[in-house]
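*Asks:* Structure in structure tokens, see below.
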Amino acid sequence: MIMTLRYFGPSDSIPLKYIRQVPGVKGVISTLYDTKPGEPWTREAVHALKTSIEDAGLALSGIESVNVHDDIKIGLPSRDEYIENYIRSLTALGEEGVRMVCYNFMPVFDWTRTNLAKPRPDGSTVLAYDQKVVDSIDPQVFFDQTDANSNGFVMPGWEPDRLAHVKELFEAYKDVDSQKLFDNLVYFLRAIMPVCNKYDIRMAIHPDDPAWPVFGLPRIITNQENILKFLHAVDDVHNGLTFCTGSLGTDLNNDLPGIIRACKGRIHFAHVRNLQHFAPGLFEEAAHLSADGTFDMYEIVKALYDTGFDGPIRPDHGRTLWGEVCMPGYGLYDRAMGACYINGLWEAIEKSSTRK
Ligand code: CS2
Ligand code: MN
């Protein structure tokens, strides 16, 4: 595995030179922050991003995300044009040697949390989720609240221009059920596989977060059964998964190490964080340490190790602590501790293993 941290580009409050100081972190995961979903990327822009990262002594280990335009997810006639643009973006990335691209296929909202700063017993704050709140709130109000509580940062998946028209988007998705969404995903993947094969780009779909339908919108990457169905539908190594513990782990029926083992060879990127569950649909994020939450991080990292996972991995949302003012979930301190912890688990597993 290659340990990485997410980097939000030149406007990130955490500079590359700080990331460089986290022991064991070799690269960053980033994206082009001045392009809109659907716009084709240029090789020059990718080159500039890559060079700025390499100049800081790090590697550009992958992209999170090349966002998929809603017309592709909805299956509108205009999708072919947006797919062409996506292929141009992948070509620009391939020419610059980028080999891993994360994306998601969630309608309207990316990840959903109901509180961005819930205090934990240790005095830190975390992102939290309560299904009752989601069930009782209008999506537009929900979006506005999330946006207003982000400490002034534009959070991934919550870009104001993308979500300026929440109501219209809901209307556009009204005939898209989970089967249609799945078919549209397969159509998209079949169209991009040739360019992925040409440049050896591994696509890594991000699971839906939370792993069930929210606001009546379909969700299709939620459990082992539908992930395997998705991997088999386009049975090419370049069609793979981002294994996100915090997303798949929202559903306690998901056996996280079991899913890793079932998807052997098709996990191209890993997001590792811990959650503390209180009841179904009621949870908050925790420190990465197993003892601070519900997941057995040792078993998760061990399953990645045992299956030969060799892609980029990153600590996911961390707690906000030590007075840091940051994008919710993306402060430096707790993610740095998370990286060290995961590295520690990996080293111990590697040294005590007989796997060659
Ligand atoms: C990320 C997602 O911050 C997060 O929760 O894991 O926003 C992720 O980047 C996207 O879903 C991938 O497209
Ligand atoms: Mn994730």
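*Asks:* All other residues with a Cβ under 11 Å from the Cβ of residue 75 taken together, and with Lys, Arg as +1 and Asp, Glu as -1, what is their net charge?
*Replies:* -2
*Asks:* List, in order, the whole-Hz ³J(HN,Hα) value for each residue of the stretch 246-260 obtained from phi through the Karplus relation with A = 6.51, B = -1.76, C = 1.60 and θ = phi - 60°; use x for Gly and Pro.
*Replies:* x, 8, 5, x, 5, 9, 5, 6, 7, 8, 4, x, x, 5, 4
*Asks:* If you stretched the chain out fully between residue 180 and residue 95, how much longer would it get, using 0.36 nm times the residue separation minus the C-alpha to C-alpha distance?
*Replies:* Here the answer is 27.3 nm.
*Asks:* What is the distance in Å between the Cα centroid of the stretch 1-58 and that of the stretch 239-264?
*Replies:* 26
*Asks:* For the stretch 281-296, what does the Karplus curve 6.51 cos²θ - 1.76 cosθ + 1.60, with θ = phi - 60°, yield as ³J(HN,Hα) per residue in whole Hz, taken in order and with x for Gly and Pro?
*Replies:* x, 9, 8, 9, 7, 9, 5, 5, 3, 3, 5, 8, x, 9, 8, 8
*Asks:* Within the chain, which DSSP H helices have Cα atoms that stretch 15 Å or more along the helix axis and a mean Kyte-Doolittle hydropathy of at least -1.0?
*Replies:* Those that clear 15 Å and a mean of -1.0 are 43-55, 79-95, 178-199, 333-351.
*Asks:* Here is a further query. Sort 206, 47 by Cβ crowding within 10 Å, fewest neighbours at the top.
*Replies:* By the 10 Å Cβ count, ascending, the order reads 47, 206.
*Asks:* In terms of modelled amide H atoms, which long-range or inter-chain residues lie less than 5 Å from the amide H of residue 6?
*Replies:* 29
*Asks:* Place a +1 charge on the Cβ of each Lys and Arg in the stretch 1-67 and a -1 charge on the Cβ of each Asp and Glu, then give the dipole magnitude about the Cα centre in debye, rounded to the nearest 20.
*Replies:* Charge dipole, the stretch 1-67, about its Cα centre: 200 debye, nearest 20.
*Asks:* Okay, next question. Counting other C-beta atoms within 10 Å, which of 83, 267 has the fewest, and how do the rest follow?
*Replies:* Exposure proxy ranking, most exposed first: 83, 267.
*Asks:* In whole percent, what relative contact order does the chain give with Cα contacts below 8 Å and a gap of six or more residues?
*Replies:* Normalised by residue count, the contact order of the chain is 18 percent.
Every number here is computed from the coordinates shown, using simple stated rules; none is lab data. Since we're looking at a predicted model, the values are computed, not measured. Ideal geometry is used to build each Cβ from the backbone, glycine not excepted, and the neighbour counts take in all protein chains shown.
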